[in-house]
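The values are calculated or read from the model by the stated rules, or taken from the named source; none is laboratory data. Note that the coordinates shown come from a computational prediction; the quantities given were computed from them, not determined experimentally. A quick note on method: Cβ atoms are made from the backbone with ideal geometry, for glycine too, and the neighbour counts reach across all protein chains shown. Areas reflect the complete protein model, heavy atoms only, side chains present, ligands, DNA and RNA absent. Shrake-Rupley method; radii C 1.70, N 1.55, O 1.52, S 1.80 Å.
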Amino acid sequence: MATQLSVPPHACDSHLHVFDPRFREILPADDMGAIACTASAYARVQQALKVDRAVVVTPRNYDTDNAVTLDAIAQIGVDRARGVAVLRPDVDDSTLVRLNTQGIRGVRFTLYTPEHAPTSFDMIEPIAARIKDLGWHVQLHWTADQVVAHEELLDRLPVDIVFDHLGRLPVARGLDHPAAAIIERLLRDGRAWMKLSAPYLDSLVGGDGAYADVDRAARHWIKVAPERVVWGSDWPHTSLKQPPDTALLMEKLFSWVEDQASLDRILVSNPGRLYWGTV
């Protein structure tokens, strides 16, 4: 692990969710528990992480209602926040223009459990065609097997592809899974990005083992595509009954990089290019 690392100015948390009871209640109260998942609650997390910028991703629980995400962007400040929406191909042009003005830069397809998804695989190409001229991307939360099954679809997409959560490679196969080669090819070709986020989703050793069984994959993505990886906290970690201290996930990123320059790329310049269009 590199030593003397620090979170640089203008760092970005590229993946978080907001759940706000001011908008329609999606999850039963006992599922949400006592977790405060509002933008104001995230502001405290953001301060602890020492990150200046954030990317709010609409959870699938809200279907295609992106109001909670747009509100969060406005609270953080559209100069310091961007968003990823959930949309279907029937969205009208005026809505796309408005969403772009409000900070949306991508459309997410959470299809790892298709039966619970608000969208479907056949919607991806039509959406990609609609958002191409806006410079948006598609963000995919898929299983590794789905990546393999839909390789031809991925190759046809006319927009950048952002893979969620380390590519969701099952740790039993890890980088030997055929999805890894597909993702790596797209990364090397400059057609895809990888989010270094949510190591707990596929780890078998869990937090007590510091999610060490996903380290190899994370370091591999950083090595093969240093200019195409970003980091996200995945706050508020709703997939876990006992969420980790989000700061520990930043420390996990520290353990994956070799030097400060690599950390700066992942937290500043890479998300700047992907979400703010900066060079």
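Has region 120-137 got any residue that is touching a Leu at 6+ places or on another chain (Cβ under 8 Å), without any contact (Cβ under 8 Å) to a residue 12 or more places away in the chain, open to solvent by 10 Å² or more (accessible area, probe 1.4 Å) and over 23 Å from A225 (Cα atoms)? Yes, region 120-137 contains a residue that is touching a Leu at 6+ places or on another chain (Cβ under 8 Å), without any contact (Cβ under 8 Å) to a residue 12 or more places away in the chain, open to solvent by 10 Å² or more (accessible area, probe 1.4 Å) and over 23 Å from A225 (Cα atoms). Cβ separations smaller than 6 Å between residues 6+ apart or across chains give no pair from region 146-162 residues that are charged (D, E, K, R) to residues that are at pLDDT below 95. Taking the listed residues A81, A144, A85, the one that is over 14 Å from the mean Cα position of the chain (by Cα) and at pLDDT 95 or above is A144, with no other qualifying. Counting only residues that are surrounded by fewer than 16 Cβ atoms within 10 Å (Cβ to Cβ) and either outside any loop (DSSP other than H, G, I, E, B) or in contact with a Ser or Thr (Cβ under 7 Å, 6 or more places away or on another chain) (or both), region 44-74 holds 5 of them. Of the residues making up region 169-198, those that are touching an Asp or Glu at 6+ places or on another chain (Cβ under 6 Å) and assigned to a helix (DSSP H, G or I) number 1.
Specify the residue that is nearest to L263 (Cα to Cα); the eligible residues are those in region 201-214 that are open to solvent by 20 Å² or more (accessible area, probe 1.4 Å) and in a helix (DSSP H, G or I). Filtering first and then ranking leaves A212. Count of region 77-129 residues, restricted to those that are among the β-branched types (V, I, T), part of a helix (DSSP H, G or I) and either out of contact with any strand residue (DSSP E or B) (no Cβ under 8 Å at 6 or more places or on another chain) or farther than 14 Å from I161 by Cα (or both), is 3.
Take the residues in region 243-279 that are assigned to a helix (DSSP H, G or I) and of a type in the set (S, T, Y), then tell me which one is surrounded by the most Cβ atoms within 10 Å (Cβ to Cβ). Across region 243-279, the extreme among qualifying residues is Y275.
Considering region 75-94, the residues that are touching a Gly at 6+ places or on another chain (Cβ under 7 Å) and either over 18 Å from P59 (Cβ atoms) or among the basic types (K, R) (or both) include one that is surrounded by the fewest Cβ atoms within 10 Å (Cβ to Cβ), namely V78. The single condition among (1) out of contact with any Phe, Trp or Tyr (no Cβ under 8 Å at 6 or more places or on another chain); (2) crowded, with 17+ Cβ neighbours inside 10 Å that D145 does not satisfy is (2). Out of (1) assigned to a loop (DSSP other than H, G, I, E, B); (2) open to solvent by less than 30 Å² (accessible area, probe 1.4 Å), what's the single condition that is false for L240? The failed condition is (2).
Assess whether W221 counts as being in contact with a strand residue (DSSP E or B) (Cβ under 8 Å, 6 or more places away or on another chain), on the phi < 0 side of the Ramachandran plot and part of a strand (DSSP E or B). In short, no. So in region 95-118, with the set limited to residues that are in contact with a His (Cβ under 8 Å, 6 or more places away or on another chain) and among the basic types (K, R), which one is surrounded by the fewest Cβ atoms within 10 Å (Cβ to Cβ)? Among those that are in contact with a His (Cβ under 8 Å, 6 or more places away or on another chain) and among the basic types (K, R), it is R105.
Within the set A225, A192, A181, the sole residue that is surrounded by 18 or more Cβ atoms within 10 Å (Cβ to Cβ) and free of Cβ contacts under 8 Å to residues at least 40 places away in the same chain turns out to be A192.
Within region 154-168, the set of residues being surrounded by 15 or more Cβ atoms within 10 Å (Cβ to Cβ) and either of a type in the set (A, V, I, L, M) or in a helix (DSSP H, G or I) (or both) comprises L154, L157, V159, I161, V162, H165, L166, G167, R168.
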